[in-house]
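J.: Have a look at the structure that comes next, please.
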Amino acid sequence: MYDALRTRYTFSCPESGQASVTLADFRELDRLPGASHPAVYRIRFACSCGAEHLGLVSHDELDWAPLGLGEGAFYNVMTARFDELADELGRVAAERIGRGEWPWSFFCFPEERPRPIFPSAFCLIAPGTGREGVGLAVRCPVCRCVSVNLVSTDHVNLPFHNDPQIGIVEHVFADDRLSLVEEFTAELYSARFDARRLGL
């Protein structure tokens, strides 16, 4: 499902059979009611065929697999053998978190501070007008409010890549899904962003 070396998820595509997408290609993420260990998320993603499709992803695949904590092996040229990917990447991730670095972060507008998060906190992702930017609606794990940040695709796709400066929509978003989508779209394309620094 997730390839940590290519930073891509694999989903089914009715046109080409298989789609390889990044986190920034996701458009909506909804946690499904029911099971909580692991939780399951329904995602809508932009496919290379030009359409948007639905897929399911577990909490582990969404939050932990991008850190390299899933299955897989790589050929270690130093030892001329295959090593477990999770051993190597998990150690690197643990060291970085131990130094105070966080894999993903966003700026919570109501609290006026940066917060560490995981992709399961993402609600909506929209491509920006520029080549690299995306609008990212995130539900804060502390205050439970939704904030919108304008970030680079690397900020979303690559763990431990936090943009030094991001755009912030100065607006508190409604809690129900339909209003959130409408407000998110209106604010994202209004060009009313305030630049903030992420110092985690």
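J.: Positive end of the dipole of region 18-87, charges at C-beta (+1 Lys, Arg; -1 Asp, Glu), about the Cα centre: which of P38, F82, F26 has its Cα farthest in that direction?
T.: Among P38, F82, F26, the one farthest towards the positive end of the dipole of region 18-87 is F26.
J.: Obtain the nm distance between the two label points defined at D30 and C143 by a simple spin-label model: each point lies 7 Å from its Cα along the Cα-to-C-beta direction.
T.: For D30 paired with C143, the spin-label model returns 2.7 nm.
J.: List the trypsin sites (Lys or Arg not before Pro) in region 39-123 that DSSP assigns to loop (not H, G, I, E or B) and whose Cβ has at most 11 other Cβ atoms within 10 Å. Which are they?
T.: R99
J.: Right, here's the next one. With a cut-off of at most 12 other beta carbons within 10 Å, and DSSP calling the residue loop, which GluC sites (Glu not before Pro) in region 81-113 qualify? Please list them.
T.: Of the GluC sites (Glu not before Pro), the ones in loops of region 81-113 whose Cβ has at most 12 other Cβ atoms within 10 Å are E112.
J.: How large is the dipole of region 25-122 about the Cα centre if only Lys and Arg carry +1 and Asp and Glu carry -1, each at its Cβ, rounded to the nearest 20 debye?
T.: Computed charge dipole of region 25-122: roughly 180 debye.
J.: Further question on the same structure: Non-local amide H neighbours of F106 (under 5 Å, H modeled in plane, Pro and chain starts lacking H): which ones?
T.: R115, I117
None of the figures in this text is laboratory data; all of them are computed from the coordinates on show. Everything numeric in this text was worked out from a predicted model, so none of it was measured. Positions of Cβ are generated from backbone atoms using ideal geometry, with glycine treated the same way; all protein chains shown enter the neighbour counts.
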